[in-house]
Amino acid sequence: MKSFLLSLVIPVFNEEHNVKPLLERVLPILESYNYEIIFVDDGSKDKTIEVIKSAASHNTHIKLISFYRNFGHQMALEAGYEAARGDCVISIDADLQDPPEIIPQMIEEWQKGHKIVYAKRKKREVDNFFKKETARLFYSFINFLSDTPIPQDVGDFRLIDREVVTFITELPERARFLRGLVAWGGFSSSYVYFEREKRHAGKTHYTLSKMINFALDGITSFSSKPLRIASYFGFLSATFGFSGILYAFIGKIFLPSHLVTGWTGLFVGIMFLGGVQLITIGIIGEYITKIYHEVQKRPQYLVKEKVNF
Ligand code: UDP
Ligand code: MG
């Protein structure tokens, strides 16, 4: 059990009431391993940092990286992966929705030789209908669009081997949709099942707009199919338009009395085409934004402070 180092990466954003209860549950489990716990503070505005620092002053295995501001969950995970020294790294949420009790099972799977061990939700009873359905829709949609299948019912609670950590941290791309990137590598993987619990304290930081951004990021990072679909729409409406011209032309010559000018048809046609064009411009815009961010090469996050490193 002590022949390897286990790193636990925990992104935290305003979790002052969750850090202590989490440590109380995690520490007894980790005691039988060589471990380090890396908290990545994603610009919390509450007492999260103080709580972590006081825990870190008693236990040097507990480390802290704090950001200047909120850079997002995925960036916090990324920073944790970059700082982790472990032979395997487990990422876990701070709100106790992911039960740390399954960590030993995850490690067993890893020791069987799997490079990734996903913690898979058995059921999502605690999440509301809206969250469940949007998540399901999102995964079917992304798997329809993308060449990299992303496993269903799997969040960011997973174990990855050092090899996978190296692969991820060395990737040059800025956009970090980690669930996709981890799956993209094609490493051998395994599952451990768990039941997702209710959030211990506070409420979710994933607002609807954050979820939509996350989804768009996931789709545009892993698929260029939307661009192709846009072209198909273009072809389709061009075919309609062309048939319309033929119809009008032939009608004008052979049955001029039959041809009644239809305003409705005209209006619907214009609205439809206008809609398709706007959607298409939007899709192209999404990809241009992506290129823009990649070209800017700004740092993905800024570290304000490190403790126990
Ligand atoms: N989190 C973060 N930065 C953010 C939002 C969330 O580091 O901008 C952390 C948060 O503290 C938690 C984890 O990411 O440990 C998952 O967030 P949350 O519980 O709000 O998401 P949900 O479980 O509702 O999907
Ligand atoms: Mg949560």
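Looking at the stretch 1-94, the strands (runs of 3 or more DSSP E) lying wholly inside it that each contain 3 or more residues that are open to solvent by less than 40 Å² (accessible area, probe 1.4 Å) and within 23 Å of MET106 (Cα to Cα) sit at 5-12, 34-41, 88-91. GLY186 passes every criterion in (1) without any contact (Cβ under 8 Å) to a residue 24 or more places away in the chain; (2) within 16 Å of the chain's Cα centre (by Cα) apart from (2).
It is to be established whether one or more residues within the stretch 248-260 are in a loop (DSSP other than H, G, I, E, B), at positive phi and surrounded by 11 or more Cβ atoms within 10 Å (Cβ to Cβ).
So far as the stretch 248-260 goes, no, none of its residues is in a loop (DSSP other than H, G, I, E, B), at positive phi and surrounded by 11 or more Cβ atoms within 10 Å (Cβ to Cβ).
In the stretch 193-218, of all residues being within 24 Å of ILE102 (Cα to Cα) and outside any loop (DSSP other than H, G, I, E, B), the one that is nearest to ligand 2 (Cβ to nearest atom) corresponds to PHE194.
ARG121 falls short on exactly one of the conditions (1) within 16 Å of ligand 2 (Cβ to nearest atom); (2) under 19 Å from the mean Cα position of the chain (by Cα); (3) modelled with pLDDT of 95 or more, and that condition is (3). Within the stretch 145-162, is even one residue without any contact (Cβ under 8 Å) to a residue 60 or more places away in the chain and either assigned to a helix (DSSP H, G or I) or among the aromatic types (Phe, Trp, Tyr) (or both)? No - not one qualifying residue is present in the stretch 145-162.
Hey, any hits in the stretch 276-285 for a residue that's more than 30 Å from ARG179 (Cβ to Cβ) and surrounded by 11 or more Cβ atoms within 10 Å (Cβ to Cβ)? Within the stretch 276-285 (the criterion being more than 30 Å from ARG179 (Cβ to Cβ) and surrounded by 11 or more Cβ atoms within 10 Å (Cβ to Cβ)), the answer is yes, since at least one residue qualifies.
In contact (Cβ under 8 Å) with a residue 24 or more places away in the chain and either within 16 Å of ligand 2 (Cβ to nearest atom) or on the phi < 0 side of the Ramachandran plot (or both): does that describe SER223? Judged against the criteria, SER223 is a match. Among residues that are aromatic (Phe, Trp, Tyr) and at pLDDT below 85, PHE187 is not included.
If I filter the stretch 143-185 down to residues being in contact with a helix residue (DSSP H, G or I) (Cβ under 6 Å, 6 or more places away or on another chain) and small (Gly, Ala, Ser), which single residue comes out as most open to solvent (accessible area, probe 1.4 Å)? Step by step, filter the stretch 143-185, then rank; the result is GLY185. Inside the stretch 95-134, residues that are closer than 24 Å to SER209 by Cβ, in a loop (DSSP other than H, G, I, E, B), in contact (Cβ under 8 Å) with a residue 40 or more places away in the chain and not acidic (Asp, Glu) make up a count of 3. Any residue at all in the stretch 233-246 that's of a type in the set (Val, Ile, Thr), open to solvent by less than 70 Å² (accessible area, probe 1.4 Å) and in a helix (DSSP H, G or I)? No, the stretch 233-246 contains no residue that is of a type in the set (Val, Ile, Thr), open to solvent by less than 70 Å² (accessible area, probe 1.4 Å) and in a helix (DSSP H, G or I).
The values are calculated or read from the model by the stated rules, or taken from the named source; none is laboratory data. The shown structure was predicted, so the numbers you read here are calculated from the model rather than taken from an experiment. Methodologically, a virtual Cβ is constructed for each residue, glycine included, from the backbone with ideal geometry; neighbour enumeration extends over all protein chains shown. Accessible surface is based on the protein model in full, side chains and every heavy atom, while ligands, DNA and RNA are left aside. Shrake-Rupley method; radii C 1.70, N 1.55, O 1.52, S 1.80 Å.
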